[in-house]
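Novice: Supplied in structure tokens, the structure appears directly below.
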Amino acid sequence: MDAWTFRFDGADPSREGLREALCTLGNGYLATRGAVPECEADGVHYPGTYAAGCYNRLPDTVGGEHVENESLVNLPNWLPFTFRAEDGPWLGRPGAEVLDEHHELDLRGGVLSRRLRVRDDAGRTTAVTQRRFVHMRDPHVCGLQVTLTPEDWSGTLTVRSGLDAAVSNRGVQRYRGLSDRHLTLLAAGPLAADGVACSVETNQSHVRVAQAARTRAFTGGRAAGVAGCCGESGAEQEITVRVSANRRVTVEKLVTVYTSRDGAISEPSAEAREHLARLPSFGTLLDEHRLAWRQLWRRFRFALRGPESPALPVVRLHLFHLLQTVSDHSVDVDAGIPARGLHGEAYRGHVLWDELFVFPILNLRLPTLSRALLRYRHRRLPRARAAAAAAGSAGAMYPWQSGSDGREESQRLHLNPLSGRWIPDVTSLQRHVGLAVAYNVWQYFQVTGDLEFLGHYGAEMFIEIARYFAALAEYDGTRDRFVIRGVMGPDEFHTGYPGTDRPGIDNNAYTNVLTVWVLLRALDVLDALPPQRRAELAEALHLDPAEPGRWEDISRRMYVPVRPGGIIDQFEGYGDLAELDWPAYRDRYGDLRRLDRILELEGDTPNRYQASKQADVLMLFYLFSADELGELLGRLGHTLPADAIPRNVEYYLARTAHGSTLSAVVHAWVLARNHRTEALRYFVEALGSDVADIQGGTTAEGIHLAAMAGSVDVLQRCFAGVETRDGALLLNPYWPRHLGALEFDIQYRGHRITLSISGDTVRVTAGDGRSPPIRLCCRGETTDLGPGEVVQFPLASQPQR
Ligand code: BGC
């Protein structure tokens, strides 16, 4: 890799899935894995194309139980492209040997290139280069350009190019026993003289998807070759060209993609055909595509000056995949933020709480996108209300895993690949997802001050979430406290108490403290609304005047399990569980990230141990500053000792398996203040989540979007210390000076702001404009900053460990 490029030399079948995921190209509307164009899904290669929000459900019987799974659908593959010399073997078939192969992902321009040489069994050698894009300006367009140079032969070159609609969802080994055919073929065939088209429909959600492709060959800049249709489906075309040794042939394949979910269309197939007919050349499209990326990179600029940092290219890779999953083109699509990007089929493309780690990057750069993505949740508010009502509760209960319509999509049984057993899955008890939705609404409001959003959408979600959690909190007379029973925290290892059948644990500290925070902010949200809107909402939601009083009461008497020395128990009874013999397990199994699977294999369960999959209590230190958390716990009558944070960090660090990529992000964060070296170790681990595939093979099934965005956020909000709170931009950097100087841009309340942070100073520069001045605070110093102004704060020396 260099500052903007990732290279993959040679072909390693065992890592091809990983390369494909990392080389995915997308634009927020659709994405296509970096699979080679001549291969189908064959156990090594897995071409996958996914459109944001395009889901389908299929039924199955597992262990005698009827289950239904909703999946992000693998759409027809638009890549197929191969060639042969004379009547020799096709590239991708036996007899065509790939001599050397290099892939290059250009992050700056959003282009994936490939170079290879192919020799067939008659000894004919052809040099090939391919370039492709998934257009960042025109979301319905994809392009592949191939140049073919016969090195040592002359004669007839035939290229074959098409659309493959015979695809299914087979990207995740664990799901292979389950139904995977989501598409019904509606039509496939030739299109005009030099094109093909196909259209399919998902068999349950009835989304129609149409693709049209045009392939043209050129020699010496002029159209060449004779085209004809071929293939069983009819959606393939062949072009035959006379070639001479060392004379290059260029082939351009342009593809349009539409679905019946798109706005401003009549019908997807007509749209795909008509749009294709209007397209300019590959070159012109490529220029526009690159311009769109240049503009995006201006907004998402991160620069590290000083010693060459290996972190920077990875930071860019993370931003690159974030912007390919959600972009301006997502704004008009009804889709959320899928945990594994649009890059693979793990978690079936579902939306979980992971967006909590993604919004901070978007809020400060593309707030319109944040707003649109929050509306994905707002449109599913009726479902969340229905779910709460079905659970006998008031308010809105958001699902742990969400897809098309916002019903709970978590699987009810999951497969432990180590034991081959299907295990009941109760992870949907992670009610805290609703708290994350509320947190995200509030953070968006803090950054933008968008009262109009709050009034129309945010406040309604907030109040309904607050109501749900207020109802979930039961009054326990014996301790004169409110308690929340039978839920799960972020740590997915603890699904219940050992020796009982009752699912869930009680008084998860994270859930209970966040509930207090949400109830308090709900009061602030009501306060922030213009009186007329507040009155309208209260009327429409039948908000009883007594409700805010109850929220206030719960916020003072919520039970949070805090031990006398200041250790916060992950949940009630966590401290009574057995200690796991970590060294012994490490000796036996090496990697303990999926300790849950290991224990289940042994007929045991993590429920018996003080062993957590990921940060849970520590999430509190991640989401709240020490002051905020102190205030929240103070309301509840707890005063934590001064060293409580480092002591809790140490306690849980010794008991955490890091079985989720989110864990490294949170640990980097919470260690940053007191253990700089350790923090950097976790930061490096978070950066490695996908490039180094640290969870052992999971990246091939989709990137870990929250770890990607979260790792950048460690730079932005943790090391650079940017906070947006109380109507001000707060700066409290803990910048590791040996990383050099960091410079990045944010957008805050209508201002474009450049932050430059070194070990000694932080400089804040506001771009030109007309927005009113903002309030800026750095370590107790407060000032106003208007358009075109610069402020510099010295940073007192920080203890470095
Ligand atoms: C984590 C969850 C996360 C999910 C999707 C799981 O391994 O435990 O917290 O939401 O992955 O990223």
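The values are calculated or read from the model by the stated rules, or taken from the named source; none is laboratory data. Please read all numbers here as calculations on a predicted model, not as lab measurements. Positions of Cβ are generated from backbone atoms using ideal geometry, with glycine treated the same way; all protein chains shown enter the neighbour counts. Ligands, DNA and RNA are excluded from the accessible area calculation, which covers all protein heavy atoms including side chains. Shrake-Rupley method; radii C 1.70, N 1.55, O 1.52, S 1.80 Å.
A quick yes/no check of all residues on (1) aromatic (Phe, Trp, Tyr); (2) open to solvent by less than 20 Å² (accessible area, probe 1.4 Å); (3) over 26 Å from Gly306 (Cα atoms); (4) modelled with pLDDT under 95:
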{"site": "Thr656", "(1), (2), (3), (4)": "no, yes, yes, no"}
{"site": "Ala668", "(1), (2), (3), (4)": "no, yes, no, no"}
{"site": "Gly697", "(1), (2), (3), (4)": "no, no, yes, yes"}
{"site": "Asp713", "(1), (2), (3), (4)": "no, yes, no, no"}
{"site": "Arg725", "(1), (2), (3), (4)": "no, no, yes, yes"}
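Novice: Within region 670-692, work out how many residues are of a type in the set (D, E, K, R), surrounded by fewer than 19 Cβ atoms within 10 Å (Cβ to Cβ) and either within 12 Å of the ligand (Cβ to nearest atom) or in contact (Cβ under 8 Å) with a residue 60 or more places away in the chain (or both).
Specialist: Going residue by residue through region 670-692, those that are of a type in the set (D, E, K, R) are 673, 676, 678, 681, 685, 690.
Next cut, surrounded by fewer than 19 Cβ atoms within 10 Å (Cβ to Cβ) only: 678, 681.
Filter once more, so that each one left must be either within 12 Å of the ligand (Cβ to nearest atom) or in contact (Cβ under 8 Å) with a residue 60 or more places away in the chain (or both): none.
The total comes to 0.
Novice: Looking for something within 16 Å of the ligand (Cβ to nearest atom), open to solvent by less than 10 Å² (accessible area, probe 1.4 Å) and within 28 Å of Leu680 (Cβ to Cβ) - is there at least one such residue anywhere in region 297-319? Quick ask: steps written out before the conclusion?
Specialist: Within region 297-319, the first condition is being within 16 Å of the ligand (Cβ to nearest atom), and the residues that meet it are 318.
With the extra rule that they be open to solvent by less than 10 Å² (accessible area, probe 1.4 Å), the set shrinks to 318.
Filter again for within 28 Å of Leu680 (Cβ to Cβ), leaving 318.
There is at least one residue in region 297-319 that is within 16 Å of the ligand (Cβ to nearest atom), open to solvent by less than 10 Å² (accessible area, probe 1.4 Å) and within 28 Å of Leu680 (Cβ to Cβ).
Novice: Right, something else. Collect the residues in region 386-418 that are open to solvent by less than 20 Å² (accessible area, probe 1.4 Å) and more than 16 Å from the ligand (Cβ to nearest atom), keeping them in residue-number order. Walk me through it before giving the result.
Specialist: Of the residues in region 386-418, the ones open to solvent by less than 20 Å² (accessible area, probe 1.4 Å) are 388, 395-396, 398-403, 406, 409-410, 416.
Hits for region 386-418 are Ala388, Gly395, Ala396, Gly406.
Novice: Let me ask something else. Exactly one of these conditions fails for Gly769: (1) open to solvent by 10 Å² or more (accessible area, probe 1.4 Å); (2) in a strand (DSSP E or B). Give me its number.
Specialist: (2)
Novice: For region 603-612, state whether one or more residues are open to solvent by less than 20 Å² (accessible area, probe 1.4 Å) and within 12 Å of the ligand (Cβ to nearest atom).
Specialist: yes
Novice: Do you know which residues across region 626-672 are in contact with a Leu (Cβ under 8 Å, 6 or more places away or on another chain), among the polar types (S, T, N, Q) and in a helix (DSSP H, G or I)?
Specialist: Correct list: Asn648 only.
Novice: Among the residues of region 419-434 satisfying the criterion of being within 16 Å of the ligand (Cβ to nearest atom) and either open to solvent by 40 Å² or more (accessible area, probe 1.4 Å) or outside any helix (DSSP H, G or I) (or both), which is nearest to Gly603 (Cα to Cα)? I'd like the intermediate steps shown before the answer.
Specialist: The first filter runs over region 419-434 and keeps only residues within 16 Å of the ligand (Cβ to nearest atom), leaving 423, 425-434.
Next, from what is left, pick out any that are either open to solvent by 40 Å² or more (accessible area, probe 1.4 Å) or outside any helix (DSSP H, G or I) (or both): 423, 425-426, 430-431.
Details: Ile423: 12, Asp425: 16, Val426: 18, Gln430: 24, Arg431: 28 Å.
Among residues in region 419-434 that are within 16 Å of the ligand (Cβ to nearest atom) and either open to solvent by 40 Å² or more (accessible area, probe 1.4 Å) or outside any helix (DSSP H, G or I) (or both), the one nearest to Gly603 (Cα to Cα) is Ile423.
Novice: Go through the residues of region 747-755 one by one and say whether even a single one is in contact with a Ser or Thr (Cβ under 6 Å, 6 or more places away or on another chain), touching a residue at least 12 places away in the same chain (Cβ under 8 Å) and open to solvent by less than 50 Å² (accessible area, probe 1.4 Å). First the steps, then the outcome.
Specialist: In the first step, residues of region 747-755 are kept if they are in contact with a Ser or Thr (Cβ under 6 Å, 6 or more places away or on another chain); the result is 750-751, 754.
Then keep just the ones that are touching a residue at least 12 places away in the same chain (Cβ under 8 Å); that gives 750-751, 754.
Within this subset, residues satisfying the condition of being open to solvent by less than 50 Å² (accessible area, probe 1.4 Å) are 751, 754.
Yes, some residue in region 747-755 is in contact with a Ser or Thr (Cβ under 6 Å, 6 or more places away or on another chain), touching a residue at least 12 places away in the same chain (Cβ under 8 Å) and open to solvent by less than 50 Å² (accessible area, probe 1.4 Å).
Novice: Further question on the same structure: Between Leu191, Leu183, which is buried (at least 20 other Cβ atoms within 10 Å of the Cβ), at pLDDT below 95, out of contact with any His (no Cβ under 9 Å at 6 or more places or on another chain) and in the same structural domain as Thr82 (by TED's automatic domain parsing)?
Specialist: Values: Leu183 fails: at pLDDT below 95.
Answer to the selection: Leu191.
Novice: Shifting gears a bit: Go through region 431-452 and give me each residue that's out of contact with any Phe, Trp or Tyr (no Cβ under 9 Å at 6 or more places or on another chain) and acidic (Asp, Glu). Even if it seems obvious, please write down each step before you answer.
Specialist: Narrowing region 431-452 to residues out of contact with any Phe, Trp or Tyr (no Cβ under 9 Å at 6 or more places or on another chain): 446, 449, 452.
Correct list: Glu452 only.
Novice: Determine if region 109-131 includes at least one residue that is part of a loop (DSSP other than H, G, I, E, B), touching a residue at least 40 places away in the same chain (Cβ under 8 Å) and in the same structural domain as Asp9 (by TED's automatic domain parsing).
Specialist: Going residue by residue through region 109-131, those that are part of a loop (DSSP other than H, G, I, E, B) are 109-110, 121-124.
With touching a residue at least 40 places away in the same chain (Cβ under 8 Å) added as a condition, the list becomes 109-110.
Next, only the ones that are in the same structural domain as Asp9 (by TED's automatic domain parsing) stay: 109-110.
Checking region 109-131: at least one residue is part of a loop (DSSP other than H, G, I, E, B), touching a residue at least 40 places away in the same chain (Cβ under 8 Å) and in the same structural domain as Asp9 (by TED's automatic domain parsing).
Novice: Report, by residue number, each residue of region 693-724 that is within 16 Å of the ligand (Cβ to nearest atom), assigned to a helix (DSSP H, G or I) and β-branched (Val, Ile, Thr). Explain how you work it out, then say what you get.
Specialist: Within region 693-724, the first condition is being within 16 Å of the ligand (Cβ to nearest atom), and the residues that meet it are 693-711, 713.
Next cut, assigned to a helix (DSSP H, G or I) only: 699-701, 705-711, 713.
Passing the criteria: only Thr699.
Novice: Going by what's in this entry, would Tyr651 be described as within 16 Å of the ligand (Cβ to nearest atom) and modelled with pLDDT of 95 or more?
Specialist: Working: within 16 Å of the ligand (Cβ to nearest atom): no; modelled with pLDDT of 95 or more: yes.
The answer is no for Tyr651.
Novice: Return yes when Ile505 is on the phi < 0 side of the Ramachandran plot and away from the ligand (no atom under 16 Å from the Cβ) and no when it is not. Working first, answer last.
Specialist: Working: on the phi < 0 side of the Ramachandran plot: yes; away from the ligand (no atom under 16 Å from the Cβ): no.
Answer is no for this residue.
Novice: Is at least one residue of region 281-291 more than 26 Å from Gly34 (Cβ to Cβ) and either open to solvent by 10 Å² or more (accessible area, probe 1.4 Å) or of a type in the set (Lys, Arg) (or both)?
Specialist: no
Novice: Okay, next question. Would you confirm whether or not region 513-535 contains a residue that is within 16 Å of the ligand (Cβ to nearest atom), part of a helix (DSSP H, G or I) and open to solvent by less than 50 Å² (accessible area, probe 1.4 Å)? Full working, then the answer.
Specialist: Here is the first cut: in region 513-535, the ones within 16 Å of the ligand (Cβ to nearest atom) are 514.
Restricting the remaining residues to those that are part of a helix (DSSP H, G or I) gives 514.
In the following step, the residues that additionally are open to solvent by less than 50 Å² (accessible area, probe 1.4 Å) were identified as 514.
Yes, that holds for at least one residue.
Novice: Sticking with this structure for a sec: Tell me whether region 70-90 contains one or more residues that are surrounded by 21 or more Cβ atoms within 10 Å (Cβ to Cβ), of a type in the set (D, E, K, R) and under 26 Å from Ser330 (Cβ atoms).
Specialist: Checked against the condition, which is being surrounded by 21 or more Cβ atoms within 10 Å (Cβ to Cβ), of a type in the set (D, E, K, R) and under 26 Å from Ser330 (Cβ atoms), region 70-90 yields at least one hit.
Novice: Test Pro498 against the stated conditions and say whether it is in a loop (DSSP other than H, G, I, E, B), away from the ligand (no atom under 16 Å from the Cβ), in the same structural domain as Val426 (by TED's automatic domain parsing) and over 17 Å from Ile554 (Cβ atoms).
Specialist: Working: in a loop (DSSP other than H, G, I, E, B): yes; away from the ligand (no atom under 16 Å from the Cβ): yes; in the same structural domain as Val426 (by TED's automatic domain parsing): yes; over 17 Å from Ile554 (Cβ atoms): yes.
In short, yes.
Novice: Something else about it: Just for region 152-166: of the residues that are in a loop (DSSP other than H, G, I, E, B) and open to solvent by 20 Å² or more (accessible area, probe 1.4 Å), which one is nearest to Ala227 (Cα to Cα)? Let's see the steps before the verdict.
Specialist: As a first pass, look at region 152-166 and keep what is in a loop (DSSP other than H, G, I, E, B): 152-154, 163, 165-166.
Those left that are additionally open to solvent by 20 Å² or more (accessible area, probe 1.4 Å): 152, 154, 165-166.
Values: Asp152: 25, Ser154: 19, Ala165: 21, Ala166: 23 Å.
Filtering region 152-166 for residues that are in a loop (DSSP other than H, G, I, E, B) and open to solvent by 20 Å² or more (accessible area, probe 1.4 Å), the one nearest to Ala227 (Cα to Cα) comes out as Ser154.
Novice: While we're here: With within 16 Å of the ligand (Cβ to nearest atom) and of a type in the set (Val, Ile, Thr) as the only criterion, which of Val447, Val437 stands out?
Specialist: Details: Val447 fails: within 16 Å of the ligand (Cβ to nearest atom).
Result: Val437 is the single residue among Val447, Val437 that is within 16 Å of the ligand (Cβ to nearest atom) and of a type in the set (Val, Ile, Thr).
Novice: When the residues of region 25-51 are narrowed to those that are open to solvent by less than 10 Å² (accessible area, probe 1.4 Å) and among the aliphatic types (A, V, I, L, M), which ends up nearest to His289 (Cα to Cα)?
Specialist: Ranking the candidates gives Leu25 first.
Novice: May I pose another question? Could you figure out which of (1) more than 29 Å from Leu543 (Cα to Cα); (2) within 15 Å of the ligand (Cβ to nearest atom); (3) assigned to a helix (DSSP H, G or I) isn't true of His343?
Specialist: Only one criterion in (1) more than 29 Å from Leu543 (Cα to Cα); (2) within 15 Å of the ligand (Cβ to nearest atom); (3) assigned to a helix (DSSP H, G or I) is unmet by His343, namely (3).
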